[in-house]
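Structure record follows, encoded as C-alpha cells.
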Amino acid sequence: MKNVFVIGGASFNSVITLDEFPEALPQTIHKCQFNETIGNTGAGKALTLSRLGFNTTFHALIGEDSFGDKVKSFLKGPNLNFISDIDSKGTERHLNIMNSRGERISIFTNPSSDTPTINYSKFEKELVKSDYIVVNIANYCRHILPVCKKLNKEVWTDLHDYDGGNAYHQDFIDAANYIFLSSDNLPDYRSFMKAQIDKGKALVVCTHGKDGATAYTKEGVWIEVPIIDNYKMNNANGAGDSFFSGFLYGFYKGFKIKKCIQFATITSGLCIESETITSNELSKTLIESEFLNYYVK
C-alpha cells in the first residue's frame with residue numbers, strides 16, 4: 001500500500017448521546033449514553049486509513065498528561081506511526097453532545113495551542129516519502145503548507161463546515177489540490193466547488209449528511225452519490241473522516257470518482273454504526289465485500 005502523512009487533530013473526548021438535544025433551561029437529565037474515547041479529525045483519518053492498509057504517519061499535538069497517554073493508547077495499531085509535539089496547554093479535549101440524528105454540539109473544554117514552537121523542516125523526510133499528504137485545518141498545520149509547496153507535494157485538505165467566507169480557511173484552500181467539505185454552512189456549495197476547479201484544483205467533494213455527496217471534477221463533470229440507507233445511525237463522530245479515507249482508498253486503487261465516493265459512502269456508513277471514530281471492524285476485505293453487496297448487482 002501507499003504511504004500517507006496526516007497532520008493535525010487528536011483529542012480525548014467525552015461523548016454524551018441523547019435522543020434529542022436538551023432545551024435551553026435548567027434541568028436534570030437522568031439517562032444518556034456516555035463514552036470516553038479518542039477524537040478529532042486527524043485521528044479519525046489516521047485510524048481509518050491505517051485500517052484500510054495505508055502505511056500511515058500521523059502527527060498531532062498532545063500534552064504531557066494522562067489524557068495524552070490515553071490518546072497514544074488508541075494510536076498503536078498496525079500500519080500506524082504516531083509522532084507528536086508537546087502542547088504546553090495540555091491535550092486537547094472535547095465534550096460532544098449528540099442526538100439520535102447524528103447532529104452534534106461540540107464544546108472544546110481544552111483547546112490546543114494555535115502557535116506551538118515546532119521546527120517544520122523536520123517533517124521533510126516524511127513528506128518526501130509520502131504518496132498522499134493530508135493537512136487538516138488545525139491552526140498549527142498551516143505552517144507546513146510552505147514546506148509542501150517547496151517539495152512540490154500535492155495537498156489534500158478537509159474544510160469541514162466551511163461557510164464560504166471564513167478567512168481562517170484561506171491558507172488551506174489556496175494550498176490544497178484536493179478539497180473536501182460539507183454543505184452544512186454552505187447552501188450555495190456548487191458555486192464554491194466550481195470556483196475552486198476554475199482556480200486549478202484537481203477535485204472538490206462536498207458531503208450533505210443524509211443527502212449523500214457531490215463531486216466536481218477538473219473536467220467539469222458533476223457526480224452525485226446517495227447514502228446507503230441500510231447503515232443505522234449509532235454515533236456520527238468521525239463519519240466525515242471515514243468518508244474522506246474511503247475515498248482516498250478508491251483513489252489509490254485507480255477507480256473512477258463515482259466509485260471512490262461509493263467506497264467513501266461505505267466507510268462512513270460503517271463508522272456511524274460504531275461507537276468510535278472509525279469502525280473497529282474496518283478492513284479492505286470488509287469494504288470490498290460491502291461494495292459488491294451494495295453496488296454490484
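Just so you know, all these numbers are worked out from the coordinates, no wet-lab data involved. Owing to the predicted nature of the structure, the values given are computational and were not obtained by experimental measurement. Neighbour counts run over all protein chains shown; Cβ positions are idealised from the backbone, glycine included.
Please report V71, V135 as a ranked list, fewest other C-beta atoms within 10 angstrom at the top and most at the bottom.
V135, V71
What residue among H208, N119, Y162 has its Cα farthest toward the positive end of the dipole of region 118-215, where the charges are +1 on Lys, Arg and -1 on Asp, Glu, each on the Cβ?
It is N119.
I'd like the Karplus ³J(HN,Hα) series for region 161-166: coefficients 6.51, -1.76, 1.60, θ = phi - 60°, whole numbers in Hz, and an x wherever there's a Gly or Pro.
Per-residue couplings from phi come out as 9, 4, 9, x, x, 5 Hz.
Just order 191-198, 139-146 by mean Cβ neighbour count inside 10 Å, highest at the front, would you? Mind showing how you got there, number by number?
On the way: 191-198: 16.2, 139-146: 18.1.
Per-residue mean Cβ counts within 10 Å order the peptides as 139-146, 191-198.
With only Lys, Arg, Asp and Glu charged, each at its Cβ (+1 for the first two, -1 for the last two), find how big the charge dipole of region 1-94 is about the Cα centre; round to the nearest 20 debye. Numbers along the way, then the final one.
Values: 9 positive and 10 negative charges, 97 e Å.
That gives region 1-94 a dipole magnitude of about 460 debye.
According to a simple spin-label model (label point 7 Å from Cα along Cα-to-Cβ), what is the distance in nm between K2 and Q27?
My value for the distance between the label points is 4.7 nm.
With both partners inside the chain, how many of the DSSP beta bridges are antiparallel, as a percent to the nearest 5? Can you show the working numbers first?
Working: 22 of 53 bridges.
Antiparallel: roughly 40 percent of the beta bridges in the chain.
Counting Lys and Arg as +1 and Asp and Glu as -1, each charge on the Cβ, what is the dipole of region 63-187 about the Cα centre in debye, to the nearest 20?
My answer is approximately 340 debye.
For a quick check: with amide H placed at 1.01 Å from N, whose amide H comes under 5 Å from I227's, ignoring anything fewer than 5 positions away on the same chain?
Sorted by chain and number, the residues that satisfy this are G212.
Taking the number of other C-beta atoms within 10 Å as the exposure measure, put H94, H208, H30 in order starting with the fewest.
Sorted ascending by nearby Cβ count, the order is H30, H208, H94.
State, to one decimal in nm, how far the label point of E224 lies from the label point of D65, with both points 7 Å from Cα in the Cβ direction.
Distance between the two pseudo-spin positions: 4.7 nm.
From the backbone phi of region 31-43, what are the Karplus-calculated ³J(HN,Hα) couplings (6.51 cos²θ - 1.76 cosθ + 1.60, θ = phi - 60°) in whole Hz, Gly and Pro given as x?
10, 7, 8, 9, 8, 10, 7, 5, x, 4, 5, x, 4
Return the long-range amide H neighbours of H94 (sequence gap of 5 or more, or a different chain), with a cut-off of under 5 Å between placed amide H atoms.
Result for H94 returns F12, N13, S14, T109.
For the charge dipole of region 1-113, defined by +1 on Lys and Arg C-beta atoms and -1 on Asp and Glu C-beta atoms about the Cα centroid, which residue among P78, N40, H30 has the Cα displaced farthest towards the positive pole?
With unit charges placed on the Cβ atoms, the residue in question is P78.
Quick one: order F108, F21 by neighbouring beta-carbon count within 10 Å, fewest to most.
Result, fewest neighbours first: F108, F21.
For the chain, give the magnitude of the charge dipole about the Cα centre (Cβ charges: +1 Lys/Arg, -1 Asp/Glu; no others), in debye to the nearest 20.
So the magnitude is around 1060 debye.
Just to check I understand the Karplus step: with θ = phi - 60° and J = 6.51 cos²θ - 1.76 cosθ + 1.60, what whole-Hz values come out for region 51-66, glycine and proline as x?
Those phi angles translate into 6, 8, x, 6, 6, 10, 10, 10, 10, 8, 8, 9, x, 8, 8, 5 Hz.
Give the whole-number value, in cubic angstrom per residue, of the convex hull volume spanned by the C-alpha atoms of the chain.
On the way: hull volume 40.8 nm³, N = 297.
Taking only Cα atoms, the chain has a hull volume of 137 Å³ per residue.
Scan around S182 for amide H atoms under 5 Å from its own, H built in the peptide plane at 1.01 Å from N, and keep only partners 5 or more places away or cross-chain.
H160, D161, Y162, T207
Among I97, S14, T276, whose Cα sits farthest toward the positive end of the charge dipole of the chain (+1 at Cβ of Lys/Arg, -1 at Cβ of Asp/Glu, about the Cα centre)?
T276
Going highest first, how would you order 229-241, 75-87 by mean Cβ packing within 10 Å?
The peptides rank, most packed first, as 229-241, 75-87.
Any idea how far the Cα center of region 209-280 sits from the one of region 81-155, in Å?
22
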